[in-house]
Amino acid sequence: MSKTSVNARLSMIQAFANFMDSGSQSATVIFYDGVQPLDPSVAADSNNALVALTFPEPCIKETTPTYVEFHPTDIGTVIKAGTATWARIYNGAGEVAADLTVGTDISLANTNLALGGTLFIQSIKLRP
């Protein structure tokens, strides 16, 4: 595995931050139940969407040589009961930025989401 310089990592992280805030809308993260697609190019099944959360603009709180941290999201209302198994982050243009596996890439206090319940994210740190 190759190693990148600090300056290269900072450039990648800054480019990612710019990508996240592009578009006319705010960046979002949607939690889903069911099977996660093999990669972000595969469309998510909207029938499996449990809750959508919106980031403020700009969505990036901090960039460091090793990660980019997002600001906390708003509080979203669960639109379908289910077990959150994965999440997809979209930029402000609605383009997929990343897929996250719940329990591996992102942790929730409770993965079983009840209809009408609420959820928000206090912190997400993505590492290049």
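Are any residues in segment 81-107 touching a Leu at 6+ places or on another chain (Cβ under 8 Å) and either in contact (Cβ under 8 Å) with a residue 40 or more places away in the chain or within 30 Å of K3 (Cα to Cα) (or both), and if so, which ones?
Listed by number, the residues that qualify are G82, T83, A84, W86, A87, R88, I89, A98, V102, I106.
So V78 fits all but one of (1) under 18 Å from R127 (Cβ atoms); (2) out of contact with any Phe, Trp or Tyr (no Cβ under 7 Å at 6 or more places or on another chain); (3) open to solvent by less than 20 Å² (accessible area, probe 1.4 Å); what number is the exception?
(1)
Among (1) among the charged types (D, E, K, R); (2) farther than 20 Å from M12 by Cβ; (3) in contact with a strand residue (DSSP E or B) (Cβ under 8 Å, 6 or more places away or on another chain), where does D39 come up short?
Unmet for D39, out of (1) among the charged types (D, E, K, R); (2) farther than 20 Å from M12 by Cβ; (3) in contact with a strand residue (DSSP E or B) (Cβ under 8 Å, 6 or more places away or on another chain): (2).
I'm told D105 meets every condition in (1) modelled with pLDDT under 90; (2) over 13 Å from the mean Cα position of the chain (by Cα); (3) among the charged types (D, E, K, R) except one. Can you identify the failing condition by its number?
Looking at each condition in turn, D105 falls short on (2).
May I ask you to verify whether I60 is surrounded by 18 or more Cβ atoms within 10 Å (Cβ to Cβ) and either modelled with pLDDT under 90 or at positive phi (or both)?
yes
Taking segment 1-30 as the search range and keeping residues that are open to solvent by 60 Å² or more (accessible area, probe 1.4 Å) and of a type in the set (A, V, I, L, M, F, W, C), which one is modelled with the lowest pLDDT?
My answer is M1.
For N112, indicate whether it is in contact (Cβ under 8 Å) with a residue 12 or more places away in the chain and within 22 Å of N18 (Cβ to Cβ).
No: the conditions fail for N112.
Out of A44, A52, A87, A98, report the one residue that is touching a strand residue (DSSP E or B) at 6+ places or on another chain (Cβ under 9 Å), in a loop (DSSP other than H, G, I, E, B) and closer than 20 Å to M20 by Cβ.
When all the criteria are applied, what remains is A44.
For segment 110-128, enumerate the residues that are surrounded by 14 or more Cβ atoms within 10 Å (Cβ to Cβ) and more than 13 Å from the chain's Cα centre (by Cα).
T111, L113, G117, L119, P128, listed by residue number.
Which pairs have Cβ atoms under 6 Å, sit 6 or more apart or on different chains, and link a residue in segment 24-42 that is farther than 22 Å from G76 by Cα to one that is open to solvent by 30 Å² or more (accessible area, probe 1.4 Å)?
Taking only residues 6 or more apart or on different chains, the pairs are P40/V96.
Taking interchain pairs and intrachain pairs at least six residues apart, which have beta carbon atoms under 9 angstrom, with the first residue in segment 46-59 and of a type in the set (G, A, S) and the second open to solvent by 60 Å² or more (accessible area, probe 1.4 Å) and in a loop (DSSP other than H, G, I, E, B)?
If the second residue must be open to solvent by 60 Å² or more (accessible area, probe 1.4 Å) and in a loop (DSSP other than H, G, I, E, B), the pairs left are A49/I79; A49/K80; A52/I79.
Looking at V68, V42, can you tell me which residue is more than 11 Å from the chain's Cα centre (by Cα) and at pLDDT 95 or above?
None of the other options fit; the residue is V42.
The values are calculated or read from the model by the stated rules, or taken from the named source; none is laboratory data. Treat the numbers as computed from the prediction; the structure is a model and nothing was measured. Here the Cβ is made from the backbone with ideal geometry for all residues, glycine too, and neighbour counts use every protein chain on show. The protein model used for the area step is the full one, side chains on, heavy atoms only, and it has no ligands, DNA or RNA in it. Shrake-Rupley method; radii C 1.70, N 1.55, O 1.52, S 1.80 Å.
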